[in-house]
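Down below is the structure, laid out as structure tokens.
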Number of protein chains: 4
Amino acid sequence: MTVRVGVIGVGVMGADHVRTLHAVVSGATVTVITDFDASRAATIAEEVGARTVATAAELIAAPDVDAVIIASHDSAHAEQVSLCLDHRKPVLCEKPLAPSVDECASLVTREEHLALANPLISVGFMRRFHAPYQELATAIRSGSVGTPLLIRASHRNVTAYPGGNSTDTVTNSAIHEIDITRWLLRSEIVEVSWHAPKSTSMDTSRRDPQILMLRTADDVLTVVDVFVNARYGYDVRCEVVGETGAVSLAPSHALTVDASLRSTATYPEDWRPLFADSYRRQLQAWVDALTEGTRSPLASARDGLRAIEVAEALIVSMNNVGAVTPVKNS
Amino acid sequence: MTVRVGVIGVGVMGADHVRTLHAVVSGATVTVITDFDASRAATIAEEVGARTVATAAELIAAPDVDAVIIASHDSAHAEQVSLCLDHRKPVLCEKPLAPSVDECASLVTREEHLALANPLISVGFMRRFHAPYQELATAIRSGSVGTPLLIRASHRNVTAYPGGNSTDTVTNSAIHEIDITRWLLRSEIVEVSWHAPKSTSMDTSRRDPQILMLRTADDVLTVVDVFVNARYGYDVRCEVVGETGAVSLAPSHALTVDASLRSTATYPEDWRPLFADSYRRQLQAWVDALTEGTRSPLASARDGLRAIEVAEALIVSMNNVGAVTPVKNS
Amino acid sequence: MTVRVGVIGVGVMGADHVRTLHAVVSGATVTVITDFDASRAATIAEEVGARTVATAAELIAAPDVDAVIIASHDSAHAEQVSLCLDHRKPVLCEKPLAPSVDECASLVTREEHLALANPLISVGFMRRFHAPYQELATAIRSGSVGTPLLIRASHRNVTAYPGGNSTDTVTNSAIHEIDITRWLLRSEIVEVSWHAPKSTSMDTSRRDPQILMLRTADDVLTVVDVFVNARYGYDVRCEVVGETGAVSLAPSHALTVDASLRSTATYPEDWRPLFADSYRRQLQAWVDALTEGTRSPLASARDGLRAIEVAEALIVSMNNVGAVTPVKNS
Amino acid sequence: MTVRVGVIGVGVMGADHVRTLHAVVSGATVTVITDFDASRAATIAEEVGARTVATAAELIAAPDVDAVIIASHDSAHAEQVSLCLDHRKPVLCEKPLAPSVDECASLVTREEHLALANPLISVGFMRRFHAPYQELATAIRSGSVGTPLLIRASHRNVTAYPGGNSTDTVTNSAIHEIDITRWLLRSEIVEVSWHAPKSTSMDTSRRDPQILMLRTADDVLTVVDVFVNARYGYDVRCEVVGETGAVSLAPSHALTVDASLRSTATYPEDWRPLFADSYRRQLQAWVDALTEGTRSPLASARDGLRAIEVAEALIVSMNNVGAVTPVKNS
């Protein structure tokens, strides 16, 4: 059986998904594509032998679409996911599931009312499929560093997308650390605070960098610095400090170049070289579960909700001089 | 179109190919399996929904086999590849193409007489599809270290397969360095010499470690140490030194663990964790070429022949107190 | 001219100073030693050909003592330094200058009233003489990472001294990070906050680890984790993130050992292997300044005072649920 | 007691020795300096408060010279060392002890005829005092990698001194690897061979790089690449591979700088930043032995002779198409 996938939104991320599904995922084919930019949709569709439709609604309803990927603008996610629930079609929605807690909570409630053995909604937190993070989780579970006490993480982009603001740093960038912290520690984030030094002069539209402190129910503290205009390269770091040791993601460079009195390793300009294989593995896992009729191993709608709840608490702290702020669960 | 693949030999390597094709390669399905151990064949076949046949000949002739993978014993390669030529079926033969120069040369000649636009024979030198080696090749081509002068390489296994001898180190292990050297430098190896220190007491059946010197037509010297009982871990290193710099494969550990007064990174016990993704990419590239009707980007029969020619010259040097020995081309 | 040095207190640190001065510092000799444990004093004195006296006061007054090193218990520092001022003798006092702001402030005031061209008091913040920190400072000054915005630091000990409590972590361990932050940034710390995750079960007498946030007048934020029972090794890290890049102390291991499926580098059990050369260079610099009649390049009494002021603010925050707390300057 | 040292030759190396002795070695003072360039001698002498004399002979005979350092041109070493023997003055001669086996052998013989408890001649193979090499030796002795089988080493300079030729690479650069190999393995080099790839176009006066193979009496093989115009940086590497593991010198960078899509560590332009502390420790050890009347722990005259014997065998191989060549002992 081949899973026939429709893809909504073929900007950078959606187009990557289309090509990955087409070229290197076993058991899937992209059949239908839609985008608000019809010519962009047509170009990608031709590349992989898919057809286009005018609207997301049309795509979701299409008989030759077994499952849907949503890579549209964040603001459209909730409505499109909701349509997938209406049509009982499995959907992989890019993070965030929706920009507000209310929208996410509503989707969770609706899906739970369906009482399906295999929930329909998956959320694209691809770091869960990054081999190094999986090894990190295994190392923690195996007790190699004892009971975790502290996580130190960094999230550094070269330059921010134009037009963003301080809250976007939290909801679009730090949201990955929020999810991976819950996933690594298997404990909910219950309390947060937000801090910031002087901002870079390279981006006057937001506070950058930011320091986020996330406390989980088991009283582990995660300190993340997020710097979306770090300039020097795309860089993701994570160290888990436990009672008897510490375990860290190793640098991911493939080569060392010695020249001009320097030994150098290259940073990627964006997330794609680092996480391309994670996206492939996430898509393969999603397709495999659909093929085999098993529960999706991806992040669930509730995971998507939890991440937004934490993000909202961080924004409350941001607007309240860094006050320690409890996370409210819907 | 889905390529229907038959797999001959499902030991460790063949079984990996079956599972990789089945689970994570797009556009292929495994339809027929054979192995001298019928029960092993049946087990793997059931796992992926393939059928079994009694002999390689039967598999190659099967109408539901579009293309063949040979992962049988080295001694059977030449005859099985030859049958594939008879049936005009594309074949991916694990290295070595055949254990002797004569057999390899004969296969090259036979294939060339067929005068096909797309040659049928591919050889499984998967390092050509290892992303770090590809980046290394790109770095060299881009001039980042100037004209190459010297390559330093290491090939270290934890323990050798029982029953091997000194020549097996060359034909089974060092053959990867032989191929990747030609591939990196785009120049033929024309002269070699073989050297060895005191052997490890852990393996009395062979000289181990061995030092191989390979000189290419462009006068670059490659110095490889091969140590198949290195004990400490599976480890592959390569540094290309050029006129203005040097470029090396970086260590490939995903994690660093700090504990017990040590900072540690883990070595794999064998090649599979390191090269699993290279095998996947090699198979995907092979399947893609078959699907698109283009020339296979894998190592060719002539590449397989060249590697064996170099290996034979090294064995001549081994038997001749390390004398500098020219490589004879068939 | 050879500087004749008297050393007060020959526990681990004082004994190291005596041996370093004796064996590898040019231009100095240890003439007089005192310790509350007279037999310990005698042993060390014999080792280097010095004499012993019964009290610190006697040592400071001795005619064959040109300069004094104080490595006694923290609680004795203020009085002993004060006696050195009385005798107009240059003194290198181990950190902290004194355990309280009031005592430090009093010493600063007294010294300033002397209005000497070359102040008498130096404080042993040896990290300022650690070559990697000096290179780090040079890199920042040279603009290699742009304007600093954020510092991330870690201070990890194997096990804490028995009998300590949460405030000792700040005044004895983190005080190094407090001083080095001021020194690196050339800006005073004006505001701090204290945070902590769940504590390790290995030490029930204190909160451990602790997270300290230090904000300098130029609005750079330093986030330090201090974990004095980290178990895995003695480890000091520092990364300065600026507008265009980041610069970090590199790991300081001399060797890599590959064995047992691991690549390992060794951590020291305590600070001595890491900072032995820093102590040597600090002592040499102190002796050179005395010899040449120039101003001591070591940390000054005011530096010692500033560090304690910051430590006290951190302790206020610790006792006030992590509240952001201004640093009061005396 | 202060050792009064006379220094012959104050080019780069000799001037460094003068300053090191003066500033950071305990128990020594530089009293007399000579150089064929009298003005250079005068400048350095004034810097450290020494006097100058016109000739090496005068310096060696001077009553205010207890011990001599020779950092003059290689060709003058033998005669100057011989004069030191005449005057029974301890001498530290920069490597090589002398450029020819005959000269070195003659000095060894002469010194042995003196039958002194503490031989007078020391040779400046400072790598023996490099802390990482010392840790490497300790690791080997402790059995951490089992019985050594193979050493892989690299010696890379940025640019060669003008006017050198292929033999200079061996006698001036590789001579350090020759000595350190004997010292690490505690076994004499008995057989060598010389090899070379295409030479860099940056230096037409010599074969560069060169590959040297050194076989010790215990049948360990050392493979060294020496590339004196490597351009990318001053770099020294050494890996000892044993029966159960491998141990390597770690990179020695103090900082990592992340900028411009690269993570970079800096190479020094020459040997001085890497080995400055080794020279200091070598001088201190030499002075300490003189002060205490014990045997010099530095390389001996015989060590200097052995190194030159190996170098001569390498040059025979170089002139004999890389033939395996036995080392002749005088």
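The values are calculated or read from the model by the stated rules, or taken from the named source; none is laboratory data. In this text, all values refer to a predicted model and were calculated from it rather than measured experimentally. Because the Cβ atoms are built from the backbone with ideal geometry, glycine has one as well, and the counts that use them run over all protein chains shown. Side chains included, ligands, DNA and RNA excluded: accessible areas come from the protein's heavy atoms. Shrake-Rupley method; radii C 1.70, N 1.55, O 1.52, S 1.80 Å.
Contact-buried residues of the stretch B:221-237, at a threshold of 50 Å² lost accessible area versus the chain by itself: B:Tyr232 (1.4 Å probe; DNA, RNA and ligands ignored). Applying both filters, DSSP loop and at most 15 other Cβ atoms within 10 Å, to the trypsin sites (Lys or Arg not before Pro) of the stretch B:1-99 gives B:Arg88. Provide the percentage of antiparallel DSSP beta bridges, counting only those with both residues in the protein assembly as shown; round to the nearest 5. Rounded to the nearest five, the antiparallel share is 60 percent.
Stokes-Einstein diffusion coefficient for chain B at 37 °C in a medium of 0.692 mPa s, Rh from the Kirkwood formula over Cα pairs: what value in µm²/s? It comes out at roughly 159 µm²/s. Take each residue in D:140-151, count the other chain C-beta atoms within 10 Å of its C-beta, and the mean is 4.
Where in the stretch B:264-289 is the amide nitrogen less than 17 Å from a point lying 7 Å along the Cα-to-Cβ axis of B:Asn118? It comes to B:282-289, nothing else. A simple spin-label model places the labels of B:Ala23 and C:Asp86 8.0 nm from each other, with each point 7 Å out along Cα-to-Cβ.
Label-point spacing at B:Pro63 relative to the other copies reads 3.2, 11.5, 11.8 nm, in ascending order, each point sitting 7 Å out from Cα along Cα→Cβ. Accessible surface buried at the B:A interface totals approximately 2000 Å², computed with a 1.4 Å probe on protein heavy atoms. Secondary structure note: in the stretch A:127-279, about 80% of the DSSP beta bridges are antiparallel. Computed from Cα atoms, the angle from the helix A:101-114 axis to the main principal axis of chain A rounds to 50 degrees. Across identical copies of the chain, B:Ala115 has label-point separations of 7.4, 9.2, 10.8 nm, listed in ascending order, with the point defined 7 angstrom from Cα along Cα→Cβ. With contacts taken as Cα pairs under 8 Å at a separation of at least 6 residues, the stretch B:77-181 carries a relative contact order of 27 percent. So which trypsin sites (Lys or Arg not before Pro) in the stretch D:217-304 pass both tests, a DSSP loop state and at most 15 other Cβ atoms within 10 Å of the Cβ? Answer in residue order: D:Arg295. Remark: for residue pairs D:Lys95/D:Lys328; B:Lys95/B:Lys198; A:Lys328/C:Lys198; B:Lys198/D:Lys198; B:Lys328/D:Lys198; C:Lys95/C:Lys328, the C-alpha separation exceeds 25 Å in B:Lys95/B:Lys198; B:Lys198/D:Lys198. Shown here is the pair-distance distribution of the stretch A:69-166: with all Cα-Cα distances grouped in 10 Å bins from zero up to the longest one, the shares run 13, 32, 27, 25, 3 percent.
Entry note, chain B: the mean residue ellipticity at 222 nm calculated from DSSP H runs of n ≥ 4, each adding -39500 (n - 2.57), is -11000 deg cm²/dmol after division by the residues and rounding to the nearest 500. Its relative contact order, with pairs defined as Cα atoms under 8 Å and 6+ residues apart, puts the stretch B:1-154 at 18 percent.
Scanning chain A for the Cβ atom closest to the axis that brings A onto B yields residue and whole-Å distance A:Ser26, 3. Can you tally the net charge around C:Gly49? Count Lys and Arg as +1, Asp and Glu as -1, for every other residue whose Cβ sits under 13 Å from the Cβ of C:Gly49. With Lys, Arg at +1 and Asp, Glu at -1, the net is -1.
Here the relative contact order of chain B, from alpha carbon pairs under 8 Å that lie six or more residues apart, stands at 20 percent. What FRET efficiency, computed as 1/(1 + (r/R0)^6) with R0 = 30 Å and r the Cβ-Cβ distance, is obtained for D:Asp218 and D:Asn320, rounded to the nearest 0.05? Result of the calculation: an efficiency of 0.75.
Spread over its residues, the convex hull of the C-alpha atoms of the stretch A:22-109 is 97 Å³ per residue. Only alpha carbons enter this Debye calculation for the stretch D:258-299, each as an equal point scatterer, and the log10 of I(q)/I(0) it gives at q = 0.26, 0.29 Å⁻¹ is -0.86, -0.93. Mind running the shape call on the stretch A:208-252? Use the C-alpha gyration tensor, a ≥ b ≥ c as the square roots of the eigenvalues: rounded below 1.5 for a/c, prolate if a/b tops b/c, oblate otherwise. Cα axes put the stretch A:208-252 in the oblate bin. Expressed as an acute angle from 0 to 90° and rounded to the nearest 10, what is the orientation of the C-alpha long axis of helix A:271-292 relative to the principal long axis of chain A? Helix A:271-292 and the main axis of chain A meet at about 50 degrees. Extension gain for the segment C:Thr2 to C:Ala131, taken as residue separation times 0.36 nm less the Cα-Cα distance, is 43.9 nm to one decimal. Remark: chain C carries a charge dipole of roughly 460 debye about the Cα centre, counting +1 on each Lys and Arg Cβ and -1 on each Asp and Glu Cβ. I need the Debye-formula profile for the stretch B:149-221: one equal scatterer per C-alpha, no solvent, reported as log10 I(q)/I(0) at q = 0.23, 0.27 1/Å, two decimals. Values returned for q = 0.23, 0.27 Å⁻¹ are -1.05, -1.31.
For the protein assembly as shown, the fraction of C-alpha pairs farther apart than 61 angstrom is 22 percent. Of the beta bridges in chain A, as assigned by DSSP with both residues counted there, near 55 percent are antiparallel. The angle between the Cα long axis of helix D:38-48 and the longest principal axis of the Cα atoms of chain D comes to about 80 degrees, rounded to the nearest 10.
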